[in-house]
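Below: one structure, written as structure tokens.
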Amino acid sequence: MQALTQWFQRRFIGTELGSLVLILLVIILLFWWLGKFLAPVLISIVIAYLLDGLVRKLQRWKFPYFLAVNLVFLLFLGSLILGLLVLLPLIWDQSANLLNELPVKVKQIEVFVTDLAQRYPSYISKAEIQKWIASFQSDFARVGKVALTISISTISNVVMLVIYLVLVPLMVYFFMKDRDAILRWLTLFLPKKRQLTNEVWQEVNQQIGNYIRAKILEIIIVAIAATIAFLFLGLNYAVLLGFLVGLSVLIPYVGVIIVTVPVVVVGYLQWGFHADFVYLVIVYSVLMIVDGNILTPLLFSETLKLHPAAVIIAILIFGNLWGFWGIFFAIPLASVCKALMNAWLQHGNLPAAKLPS
């Protein structure tokens, strides 16, 4: 115990590494306790990070900082209004149509599964099919109740939604306009000896900013490409499904598998085993292959070097801790952990080494 205490004091107490770990613990506890209330702040920070790249690019083109901030903010505001007036009603209408037609779709699935049982009785028994259908109907009824509850809560929270729509753009503007002043104010709470903290911050700040911009751009590109492909093929709910395909890239590896199910099911219920259904499967597969093997490496490049196993573990851990935001920031948070471990190896009286990517 004495040796362990001495090791802990030597590595952490009164050291820059200890200060860095303490700062991170405070931030984690802050978001753990106040995460629900800080959601608009997190959204605003993500959007500000996204727009900061455009501001810096305009500055490189000799635009004054204040003018660059205002131009980029007006572009963001126009895109937000366009999305609320055009895209959101379209997605809402297609979602409502899908919910209205869901009972008919469920019946079609039941007929298909029953037909499979009759064709291949040695593989699927009729009793198993009936049990599965009863379970599915029960789950479907539960989903209907949840959807009704969500609808009621959504209606009751319309005022809160409007407040968010006002607060988030305002905070985005101030985070962009007063970026340097806010960062200077935050540094007042940091210890004076913070060379290690500055090194880790520079690495993490660059990676998080690049990650957010690359991830949002990937979502937009994949969503637009999927929507255009679905519209060209004549698939029902093309805009809704394209939007879901775009969101699927938020969860690496897992998201694609989850969203593939509704795309394939809707295609089969619309066409059956027809040539159009085969075309849909081929186009969707090509889109996912291009995203995984060309678009993602091109966008992220050398920004984040993490093993796929590390990414999946990070999604499981941080998603369980912070839900959606944990999933969204899983890769940057894993990079933070990696940077901390490298800092520990380099500054904790241990031989300098780099963790494998």
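The values are calculated or read from the model by the stated rules, or taken from the named source; none is laboratory data. Just so we're clear, the structure is a prediction, and the values are computed from it rather than from any experiment. Using ideal geometry, Cβ is built from the backbone for each residue, glycine included, and neighbour counts are taken over all protein chains shown. What goes into the accessible areas is simple: the full protein's heavy atoms, side chains included, and nothing from ligands, DNA or RNA. Shrake-Rupley method; radii C 1.70, N 1.55, O 1.52, S 1.80 Å.
A compact table of results
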read-out: Yes/no for residue 42 being on the phi < 0 side of the Ramachandran plot, surrounded by fewer than 16 Cβ atoms within 10 Å (Cβ to Cβ) and at pLDDT 75 or above; value: no
read-out: Residues of the stretch 57-70 that turn out to be in contact (Cβ under 8 Å) with a residue 12 or more places away in the chain and open to solvent by 70 Å² or more (accessible area, probe 1.4 Å), as a count; value: 1
read-out: Elements of type helices (runs of 4 or more DSSP H) contained in the stretch 178-257, each with 2 or more residues being touching a Ser or Thr at 6+ places or on another chain (Cβ under 7 Å); value: 195-233, 238-248
read-out: Index of the failed condition, residue 265 passing every other in (1) among the hydrophobic types (A, V, I, L, M, F, W, C); (2) open to solvent by 20 Å² or more (accessible area, probe 1.4 Å); (3) assigned to a loop (DSSP other than H, G, I, E, B); value: (3)
read-out: Test: residue 168 is in contact with a Pro (Cβ under 6 Å, 6 or more places away or on another chain) and of a type outside the set (Gly, Ala, Ser); value: yes
read-out: Lone unmet requirement of (1) on the phi > 0 side of the Ramachandran plot; (2) at pLDDT below 75 for residue 328; value: (1)
read-out: Index of the failed condition, residue 209 passing every other in (1) within 20 Å of residue 330 (Cα to Cα); (2) in contact (Cβ under 8 Å) with a residue 24 or more places away in the chain; (3) surrounded by fewer than 18 Cβ atoms within 10 Å (Cβ to Cβ); value: (3)
read-out: Yes/no for residue 241 being open to solvent by less than 60 Å² (accessible area, probe 1.4 Å) and farther than 21 Å from residue 332 by Cα; value: yes
read-out: Residue list for the stretch 269-289, restricted to those being assigned to a helix (DSSP H, G or I) and either free of Cβ contacts under 8 Å to residues at least 24 places away in the same chain or on the phi > 0 side of the Ramachandran plot (or both); value: 271, 275, 277, 278, 281, 282, 285, 286, 289
